[in-house]
Amino acid sequence: MVERIIVGPLFTNTYLVATSKKGCVIVDPGADVDLIAARLEAMNMKPHAIVLTHGHLDHTAAAAELKRRFGGIPVCIHPNDANMLANASRREHLESFRGLAERAEEAVDRLLRSLPDPDILLEDGAEVPDSDLQVIHTPGHTPGSVCFYSEPRGALFSGDTLHLTAGTEGLPGGDRAQLIASITDRIFPLPGETRLFPGHGPISSIEREMLHNDGLRETAGRTTREG
């Protein structure tokens, strides 16, 4: 069972991924704590971990409050993005929020004050505790971007590495060539029928993205020309 909740001003996909009859992990709680908590209550589910595909605020801003509400459950992130859960990352987050103009500083400062410390650092190949999710390190959107893959479910939670526009490498810490390599070398070898649960936009599949992701082809073309 996978439940999608669309949260926040950037329409981020938060996922509740069942790990037992009443247990689950929360993937990328980016906003709207009360909405996420209400959905968990309605489903009679209790989360035992929060897992983050990367450190951008639109995927992490609700993590601290959910951690508090559910008894201090661990927050998990790749070590290369762990610094993004600290005040030292303020400048990087400001760049990500530059479209908000004068409201950016206020928004970033408010969100940074509520970010949790990471409890578990998820290296490539690790398993999310008490789940069937395996970590695939896919740098490019950020240095510590990861996907969570479940072979038994035939499911991949891709964060912002792969969605409608093949990830967004233009933000601070992004690297276009690295992003394309992550997608082609780490994601596309997975079975084509694997369901793709992205950080933004509708649910897709690996095969569909390989055949129809125009943003990916454009990004790959730019990388080839510049290389």
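The values are calculated or read from the model by the stated rules, or taken from the named source; none is laboratory data. It should be emphasised that the depicted structure is a prediction, and the values quoted were computed from it without experimental measurement. Glycine also receives a Cβ, built like all others from the backbone with ideal geometry; neighbour counts cover every protein chain displayed.
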Residues of segment 1-45 that turn out to be touching a residue at least 60 places away in the same chain (Cβ under 8 Å) and within 16 Å of Pro202 (Cα to Cα), as a count
9
From Leu156, Leu100, Leu162, Leu115, residue being assigned to a helix (DSSP H, G or I) and either modelled with pLDDT under 90 or within 18 Å of Asn13 (Cβ to Cβ) (or both)
Leu100
Take the residues in segment 182-212 that are in contact with a strand residue (DSSP E or B) (Cβ under 9 Å, 6 or more places away or on another chain) and more than 22 Å from His54 (Cα to Cα), then tell me which one is surrounded by the most Cβ atoms within 10 Å (Cβ to Cβ).
Arg208
Being closer than 20 Å to Thr142 by Cα and touching a residue at least 24 places away in the same chain (Cβ under 8 Å): is that true of His48 here?
no
